[in-house]
Amino acid sequence: MKKHSPAIKVLREKCKALVGETQGIRNRIHSLKWKDKPEAQEALRTVRAARKAGGRQTLGKRFLKPHRRPETGPERSGLWDAKRADRKDIRHIQLAIGLLMGRTYLSMEPRCHESNKPSCAYILDIIHEALGEDEALKAEWTQEKIVDLILVTPKREAA
């Protein structure tokens, strides 16, 4: 395991950076809250007053449409897509760390649905990038080895 220690350290740092990035994205998503902005508060007061005076609950929807909550718009959607992509990268990096440490996929994710299996090629790229210039270690990590570690079944693991 010690031969992979520098690669594991590199991957952990990369994972920390991505986690920080996803937290930043999450904060930007929360900052899109429309109702907390002063112009939103004024619009809400106007609509509520008109509803009270008119007695109709639908009054003001047309007025509010241009000021509709941006947290439901394309900006928020783009931020969530970026966050999902980062989470996918973090998952693959964590799996690569586990494989470098000698753990099996089933010990890391025992209940993963078949449709959510990780990309073996992407994990191989991550491992090769982390190993750097060491061609001997890169040769040790092949697509077949990763596929065997990922697709191991409980029966094959026990054998």
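Some observations on this one:
- The gain in end-to-end length when the ALA49 to GLN143 segment is fully stretched comes to 27.3 nm, 0.36 nm per residue minus the alpha carbon separation.
- Counting heavy atoms of the protein chains alone, LYS9 has an accessible area of about 140 Å² for a 1.4 Å probe.
- Taking all protein chains together and rolling a 1.4 Å probe, ASP125 ends up with roughly 90 Å² accessible.
- Residues in the range 124-135 carry Karplus couplings, in order, of 4, 4, 5, 5, 5, 5, 6, 6, x, 8, 6, 5 Hz; the curve used is 6.51 cos²θ - 1.76 cosθ + 1.60 with θ = phi - 60°, and Gly or Pro positions show x.
- Rolling a 1.4 Å probe over the protein heavy atoms of the range 78-159, with every protein chain left in place, gives an accessible area that is 53 percent carbon and sulfur.
- Extending 7 Å from the Cα toward the beta-carbon at both HIS30 and SER107 defines two label points whose distance is 3.6 nm.
- Calculated FRET value between LYS3 and LYS88, using beta carbons and R₀ = 22 Å, to 0.05: 0.20
The values are calculated or read from the model by the stated rules, or taken from the named source; none is laboratory data. The shown structure was predicted, so the numbers you read here are calculated from the model rather than taken from an experiment. Cβ atoms come from the backbone with ideal geometry, glycine included; neighbour counts cover every protein chain shown. We work out accessible area using only protein heavy atoms, side chains counted, and drop any ligands, DNA or RNA first. Shrake-Rupley method; radii C 1.70, N 1.55, O 1.52, S 1.80 Å.
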